[in-house]
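These notes concern the structure reproduced below.
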Amino acid sequence: MSPNPRRRVALAGATGVAGQQFLVSLENHPWFELTTLAASQRSAGKSYAEAITDAAGHRQWFCEEPLPEAFARMPVVDSDQLDLKDVDLVFTAVESGAARALEERLAARVPVISTSSAFRYEDDVPILVPGVNLEHAVLVKRQQRERGWKGYVAPIPNCTTTGLVIALAPLARSFGLRSVVMTSMQAISGAGRSPGVAALDVLDNVIPYIANEEGKVERESRKILGRLEGERIEPLEMAVSATCTRVNVRDGHTEAVTAGLGRRVPIGEVADCLRAFGREFLDLGLPSAPAELIQVTDDPYRPQPRIDRGAGGGMTTVVGRLREDPVLANGIRLVLLSHNTKMGAAKGAVLVAEYLLHRGLA
Ligand SMILES: NC(=O)c1ccc[n+]([C@@H]2O[C@H](COP(=O)([O-])OP(=O)(O)OC[C@H]3O[C@@H](n4cnc5c(N)ncnc54)[C@H](OP(=O)(O)O)[C@@H]3O)[C@@H](O)[C@H]2O)c1
C-alpha cells in the first residue's frame, strides 16, 4: 500500500546525531513528508542550517550523506511549542529526561515513534524491532484505551539491543534460548553530540563502561523476545549478561555474543537459520527495508565496522565468526555488527512507522 496523500510528520530532536539521520531517512520518502523540525530552545527560531552551525562557523553535520537543501532552510521550532494542527505523526530523537514530558504531551494527540528510553519499560508500551516482534504493536491500542490518548508512544530499543535481538530472534524461535553473554564495542556516535565522548578520552583507548547501558540491554532484550499474551508481554526467561564498552569507531556497534540454545545445534544449521530470518517481514516491501535483515559472513576477519556498517544501507545486521562454544550448555558464539544511527536509530524508527502505517495503526 502507498498512503495518499503522504503523512505529514514532525521531528523533535532534529539537530542531534540521531535527528540528523532522520533527515537523511525522510528525504523524498514516499509515505512521509517531513514538515516540522523541532529541537531545544537553543535552536528555536533559527534555520536548521544555522542551528547546527557553531559559533566558529563550523556546520556540525555528522551524516555521510549531504544535508538535504530543503531541510537546511526550514525553521526550527521549540519542541515544547510544537503545533500538531497539521501533523499526523511525530518522530522523537531527544534524550530520555526531556523526552518523557514531551512524548506524553504529543502522544495524547498523535502517534509518537521514539528513539528514547522514556517509556520503554512500561507494561503497555512495546519496544519495536523490524522483523523481530512487530506483533507487539497491538499494545498501542491498550495505551490509547487506558491512557485516553488519541495517539501512542512506540519506542525502538537502545541501539546496542537492536543488533543483539535481530541475531537472537531467529535462534530463540528455532532452537530456544537459555542464556546470553554479550560484550559490546560501541561507536562514538552512539553517545550523541551533547556532551558526546571527548576525543581525549576515546582516542587510542577503550572505555570499559557506558552509564546505564548494560541494564537497558538486559531488560530490553528479554521484553522484545518475549511472548505477547493478550495485551501484555511475557518477557523471555533467559539469563542475559552484558558488558558495554566504547571504542574509537565513528559508527557501527560490534558485539561479541555467546548464546546457550535450547538444544545442541550444528553450526551450519545456525548459519542457515540466521540467513533465512525475516523473509515474511521483508516480503511486505516496506520502503526502508533492506534486502536481508541478517547477512552471514564466513570470512573470519569480518564483520568490521569500517567495512560492513553500510550493509543494506545500514539496515542489515552482519554476523560472522560463528563457532561452537564450550562453556555454555548448547553454546554458540558469534560477532555481530549493527549500524547504531541507521537501523539502531533513525531509519529503523522510520521502518517501524512504515509498518504501523501498513497495519493501519498510524
Ligand atoms: N546516537 C545514537 O546512535 C542513538 C541510537 C539510538 C537511540 N538514540 C537515542 O536518541 C535520542 C537522541 O540521541 P542523540 O544521540 O541524537 O543525542 P544528541 O546528539 O545529543 O541530540 C540531542 C537532541 O535533543 C535536543 N534536545 C536537547 N534537550 C532538549 C529539550 N529539553 N527539549 C527538546 N529537545 C532537546 C537537542 O536539541 P539542540 O540541538 O537544540 O540542543 C538535539 O536535537 C536519545 O534518547 C538517545 O538515547 C541515539
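The values are calculated or read from the model by the stated rules, or taken from the named source; none is laboratory data. Not measured: the values here are computed from a predicted model. As a convention, Cβ positions derive from the backbone with ideal geometry for all residues, glycine included, and neighbour counts pool all protein chains shown. Heads up: the accessible areas ignore ligands, DNA and RNA and are worked out on the full protein's heavy atoms, side chains in. Shrake-Rupley method; radii C 1.70, N 1.55, O 1.52, S 1.80 Å.
Candidates are the residues of the range 42-61 that are near the ligand (Cβ under 7 Å from one of its atoms) and in contact (Cβ under 8 Å) with a residue 24 or more places away in the chain; the one that is surrounded by the most Cβ atoms within 10 Å (Cβ to Cβ) is 43.
Would you check which residues across the range 254-295 are closer than 17 Å to residue 129 by Cβ and out of contact with any strand residue (DSSP E or B) (no Cβ under 6 Å at 6 or more places or on another chain) and list them? Listed by number, the residues that qualify are 278, 279, 280, 281, 282, 284, 286, 288, 289, 290, 292, 293. Would you confirm, using the coordinates I've provided, whether residue 38 is crowded, with 17+ Cβ neighbours inside 10 Å, within 13 Å of the ligand (Cβ to nearest atom), touching a residue at least 60 places away in the same chain (Cβ under 8 Å) and outside any helix (DSSP H, G or I)? Here the answer is no, as residue 38 does not meet what is asked. Within the range 121-136, does at least one residue satisfy the condition of being under 19 Å from residue 260 (Cβ atoms), within 13 Å of the ligand (Cβ to nearest atom) and of a type outside the set (Lys, Arg)? No, the conditions are met nowhere in the range 121-136. Scanning the range 68-75 for any residue that is in contact (Cβ under 8 Å) with a residue 12 or more places away in the chain, open to solvent by less than 20 Å² (accessible area, probe 1.4 Å), among the aliphatic types (A, V, I, L, M) and closer than 21 Å to residue 106 by Cβ turns up nothing. Of note, residue 248 does not satisfy the criterion of being farther than 21 Å from residue 312 by Cα and without any contact (Cβ under 8 Å) to a residue 12 or more places away in the chain. Residues in the range 331-362 that are in a loop (DSSP other than H, G, I, E, B) and either among the charged types (D, E, K, R) or within 16 Å of the ligand (Cβ to nearest atom) (or both): 339, 340, 341, 342, 343, 344, 345, 359.
The combined condition, being within 16 Å of residue 345 (Cβ to Cβ), away from the ligand (no atom under 13 Å from the Cβ) and open to solvent by 10 Å² or more (accessible area, probe 1.4 Å), is fulfilled by residue 64.
Screening residue 215 on (1) without any contact (Cβ under 8 Å) to a residue 40 or more places away in the chain; (2) away from the ligand (no atom under 16 Å from the Cβ); (3) more than 30 Å from residue 87 (Cα to Cα) shows it passes everything except condition (2). Of note, residue 300 does not satisfy the criterion of being more than 21 Å from residue 222 (Cα to Cα), open to solvent by less than 50 Å² (accessible area, probe 1.4 Å) and in contact with a Gly (Cβ under 8 Å, 6 or more places away or on another chain).
Of the residues contained in the range 14-33, one or more are found to be in a strand (DSSP E or B), away from the ligand (no atom under 13 Å from the Cβ) and open to solvent by 30 Å² or more (accessible area, probe 1.4 Å).
State yes or no: is residue 331 in contact with a helix residue (DSSP H, G or I) (Cβ under 8 Å, 6 or more places away or on another chain) and surrounded by fewer than 24 Cβ atoms within 10 Å (Cβ to Cβ)?
It is false that residue 331 is in contact with a helix residue (DSSP H, G or I) (Cβ under 8 Å, 6 or more places away or on another chain) and surrounded by fewer than 24 Cβ atoms within 10 Å (Cβ to Cβ).
Of the residues making up the range 90-117, those that are buried (at least 23 other Cβ atoms within 10 Å of the Cβ) and in a loop (DSSP other than H, G, I, E, B) number 4. Hey, could you check the range 189-204 for residues that are within 19 Å of residue 254 (Cβ to Cβ) and of a type in the set (A, V, I, L, M, F, W, C) and say which is nearest to the chain's Cα centre (by Cα)? Filtering the range 189-204 for residues that are within 19 Å of residue 254 (Cβ to Cβ) and of a type in the set (A, V, I, L, M, F, W, C), the one nearest to the chain's Cα centre (by Cα) comes out as 191. Restricting the search to helices (runs of 4 or more DSSP H) fully inside the range 118-204 and requiring at least 2 residues that are surrounded by fewer than 24 Cβ atoms within 10 Å (Cβ to Cβ) and in contact (Cβ under 8 Å) with a residue 24 or more places away in the chain gives 139-147, 159-175. Taking the range 249-291, which residues are open to solvent by 20 Å² or more (accessible area, probe 1.4 Å) and either within 16 Å of the ligand (Cβ to nearest atom) or modelled with pLDDT under 95 (or both)? Within the range 249-291, 249, 250 meet the criteria.
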